[in-house]
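Below is one structure, written out as structure tokens; the observations come after it.
The values are calculated or read from the model by the stated rules, or taken from the named source; none is laboratory data. Because the structure is a prediction, the values reported are computed rather than measured. Neighbour counts run over all protein chains shown; Cβ positions are idealised from the backbone, glycine included.
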Protein chains: 2
Amino acid sequence: MRQVADAAGVHPATVSRALNPETRDLVNKTTARRVLRAAESLGYRMNPIARSLKTSKTGTVGIVIPDLTNPLFPPIVRGIEEVLEPAGFSGFLVNTDNDSHRERSLVESLQSRQVEGLIIATALLDHPLMSELALSGARMVMVNRRTEGLDVPTVVPDDAAGIDMAVRHLAELGHTRIAHLAGPSTTSTGLVRARSFAGAVRERGLSDDPALVRHCRAWYEDAGAEALRELLDSGTEFTAVVAGNDLLALGCYDVFGERGISCPDDISVVGFNGMPFLNKLAPPLTSVVVPHHRIGAEAATLLLDKIANPDLLARAIVLPVSLGPGGSTAPPRA
Amino acid sequence: MRQVADAAGVHPATVSRALNPETRDLVNKTTARRVLRAAESLGYRMNPIARSLKTSKTGTVGIVIPDLTNPLFPPIVRGIEEVLEPAGFSGFLVNTDNDSHRERSLVESLQSRQVEGLIIATALLDHPLMSELALSGARMVMVNRRTEGLDVPTVVPDDAAGIDMAVRHLAELGHTRIAHLAGPSTTSTGLVRARSFAGAVRERGLSDDPALVRHCRAWYEDAGAEALRELLDSGTEFTAVVAGNDLLALGCYDVFGERGISCPDDISVVGFNGMPFLNKLAPPLTSVVVPHHRIGAEAATLLLDKIANPDLLARAIVLPVSLGPGGSTAPPRA
DNA sequence: CTGAAAGCGCTAACAA
DNA sequence: TTGTTAGCGCTTTCAG
């Protein structure tokens, strides 16, 4: 910076003012131009580290997700980055693998890197770390899932509407005994979708036999397979399954293969999320499509707003979903 | 830090020495313990920004990929992070969308954030930006693909072996006219796999009709579909396809659907990469499985080595691949 | 509108 | 072994 100052024949402080768009109007237009040209021709690049030290603004945020290899998250992350980047922010991405110790230490490491905010995709309904963060006044937003009783900005899909679409679709095909493979009830998505399911079947006069609902121990395929096996072994009758997400639905596909069950002829399935390549499956999975990219973008926007204006009140954004096409549903066997 | 110094009754410099594991042995054990306790009880966390300013070491690296939503990359990124994290490093991830302007500006922004190195997954065979970076002495490693004629550490899958496995498998099933949907010949993966294909068919006395090989304009499904349509329309006879990667193979599936071609009965297909959920496709895609997670981990290791010891010479690591199971291949129609 | 001066929190010679 | 001193590159009062 000193070199630029010398080249432009001004004091470094003036260079600083001229180079920063926020303060550029504090300086004579002509001088500013001279400084800009000098900087340009010297190929000068500001050191954001030094600036951070002075301003304690790092232009970074932490992104906390369970596992990047879950196809749910890449589009969310891209949505986030698409908003951060033009704002001059960058994100540090960490994967917790749903391990709360790991999560805690990763969040600490993000904080020690002085991130200006946190985007959290790992929220559990009851989540001590989240409560601590919120209470400590950390700037944060929750994405996809939420923690109960916390006044934190949130961006989630319209779980209730999605489940209702799935149930309605199956009801219209003639199904009356529909099962639900719910995600873990420790997550808001697991609980809300299960509740919405209960509401939707009751509202339509379909069977609300509690044996038709099983909570899976995780959001992964094997947990879905396990739950479906138990359901089948329990002898409960059903002709369709609403899965809490697409991976649970894929777990169902595995069990269909094992047991020679034909989908959709014997059992119809609807998934949730609309992950990529669903149309290449056998059969193509009918799924509730969630705008993940937009979820990420809205979350990043909310966080940047909060950073720019800390005493903004927490908003909750609910994004609309739609029922995607597929071939995994059909009328029940006569 | 001053507070800790006061609490421990020492000079800030001593605190610095005591808190840094690298310099801890420069200080009396007893004093060190006293400092540690003081720091602990004050809940002191050192500011890495300030440290960076002094040492010009940020503990960050840039990760440059084309597109996180391509299922190839999440496991690579996780492999990278798994090595960076225990080393106290963090990664900034950017997506170029294969746009060279975007790539250039993203790399500049990474550099202005003072990353200590770059992990590049966007390399083209002829890639001016990469040459500039390498020549400017930037610390970098290339993953998955490489740029020609650059002395840069590289981690790639064994493309030749993978293609050979695919061709051998098809040859053993009895195919003699095998087509290859190659990736763009601007990429090392596209070119090397195409060359290996040519070698493999010749070696086995199979048809090396040049009409059987088509380069796709991108690594995506639609490009694969387009190339296969052209191939079919050209009237060239073939009974099997080796696709340059799994997405190109999925493009073939689309065309099979459009034209009522049955796979594997009419045409066999082998993909490359072994992306997730291949076994759920119809038919399950037989593919060359690449250890992506390990590719990422090795790349990060190479980069950290280079950072720790800058005058290390560039190594190229080639990782072994294997032919995954699947149902998309069968003997040719009699 | 611009310059001078101080300092963000830490580290690394150098001295003692 | 520890303290002293200077300074990393920038921003921001405060004067002028």
So how many residues does segment A:3-22 have that are in contact with a Leu (Cβ under 9 Å, 6 or more places away or on another chain), farther than 26 Å from A:ALA87 by Cα and either of a type in the set (S, T, N, Q) or near DNA strand C (Cβ under 7 Å from one of its atoms) (or both)? 1
Search result, residues across segment B:302-331 that are over 17 Å from B:ALA243 (Cα atoms) and part of a loop (DSSP other than H, G, I, E, B): B:ASN309, B:PRO310, B:ASP311, B:LEU312, B:LEU313, B:ALA314, B:ARG315, B:PRO320, B:PRO331
Residue hits (segment A:68-82; more than 7 Å from every other protein chain (Cβ to nearest Cβ) and assigned to a helix (DSSP H, G or I)) are A:PHE73, A:ILE76, A:GLY79, A:ILE80, A:GLU82
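Please specify each residue of segment B:275-286 satisfying the condition of being within 13 Å of another protein chain (Cβ to nearest Cβ) and in contact with a strand residue (DSSP E or B) (Cβ under 7 Å, 6 or more places away or on another chain).
Residues of segment B:275-286 within 13 Å of another protein chain (Cβ to nearest Cβ): B:275-285.
Hits for segment B:275-286 are B:LEU278, B:LYS280, B:LEU281, B:ALA282, B:LEU285.
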So is B:ARG104 more than 16 Å from DNA strand D (Cβ to nearest atom), in contact (Cβ under 8 Å) with a residue 40 or more places away in the chain and of a type in the set (Lys, Arg) or not? no
Scanning segment B:41-63 for residues that are at pLDDT 90 or above and away from DNA strand D (no atom under 14 Å from the Cβ), the one surrounded by the fewest Cβ atoms within 10 Å (Cβ to Cβ) turns out to be B:SER41
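Conditions tested, residue by residue: (1) within 25 Å of the chain's Cα centre (by Cα); (2) not in a helix (DSSP H, G or I).
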| position | (1), (2) |
| --- | --- |
| B:GLY235 | no, yes |
| B:PHE238 | no, yes |
| B:VAL242 | yes, yes |
| B:GLY251 | yes, no |
| B:GLU258 | no, no |
| B:ASP265 | no, yes |
| B:PHE272 | yes, yes |
| B:MET275 | yes, yes |
| B:PRO283 | no, yes |
Just a yes or no: is a residue in segment B:23-45 more than 14 Å from chain A (Cβ to nearest Cβ) and either closer than 25 Å to A:PHE92 by Cα or near DNA strand C (Cβ under 8 Å from one of its atoms) (or both)? yes
Scan segment B:54-78 residue by residue and report those that are in contact with a Lys or Arg (Cβ under 8 Å, 6 or more places away or on another chain) and hydrophobic (A, V, I, L, M, F, W, C). B:LEU68
Assess whether B:GLU82 counts as being more than 9 Å from DNA strand D (Cβ to nearest atom), out of contact with any Asp or Glu (no Cβ under 8 Å at 6 or more places or on another chain), without any contact (Cβ under 8 Å) to a residue 40 or more places away in the chain and within 23 Å of B:LEU302 (Cα to Cα). no
Among the listed residues B:SER262, B:SER268, B:SER322, identify the single one that is modelled with pLDDT of 95 or more and within 14 Å of another protein chain (Cβ to nearest Cβ). B:SER262
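Looking at segment A:139-154, can you tell me whether even one residue there is of a type in the set (Asp, Glu) and in a helix (DSSP H, G or I)?
Scanning segment A:139-154, I find no residue that is of a type in the set (Asp, Glu) and in a helix (DSSP H, G or I), so the answer is no.
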Tally, over segment B:83-96, of residues that are within 10 Å of another protein chain (Cβ to nearest Cβ) and part of a helix (DSSP H, G or I): 1
Could you tell me which of the residues A:ILE120, A:ILE163 is buried (at least 20 other Cβ atoms within 10 Å of the Cβ), away from every other protein chain (no Cβ under 14 Å) and touching a Phe, Trp or Tyr at 6+ places or on another chain (Cβ under 7 Å)? A:ILE163
Residue hits (segment B:79-106; of a type outside the set (S, T, N, Q) and within 17 Å of the chain's Cα centre (by Cα)) are B:GLY79, B:ILE80, B:GLU81, B:GLU82, B:VAL83, B:LEU84, B:GLY91, B:PHE92, B:LEU93, B:VAL94, B:ASP97, B:GLU103
Which of the residues spanning segment B:2-40 are within 19 Å of A:SER112 (Cβ to Cβ), more than 10 Å from DNA strand D (Cβ to nearest atom) and of a type in the set (Gly, Ala, Ser)? B:ALA38, B:ALA39
Exactly one condition in (1) more than 19 Å from the chain's Cα centre (by Cα); (2) surrounded by 24 or more Cβ atoms within 10 Å (Cβ to Cβ) is not met by B:GLN111; state its number. (2)
Scan of segment B:130-146 for residues that are under 15 Å from B:ALA300 (Cα atoms) and of a type in the set (S, T, N, Q), ordered by number: B:ASN144
Which numbered condition B:ALA316 fails, given (1) of a type in the set (Gly, Ala, Ser); (2) surrounded by fewer than 17 Cβ atoms within 10 Å (Cβ to Cβ); (3) more than 16 Å from B:ILE163 (Cα to Cα); (4) over 14 Å from the mean Cα position of the chain (by Cα): (4)
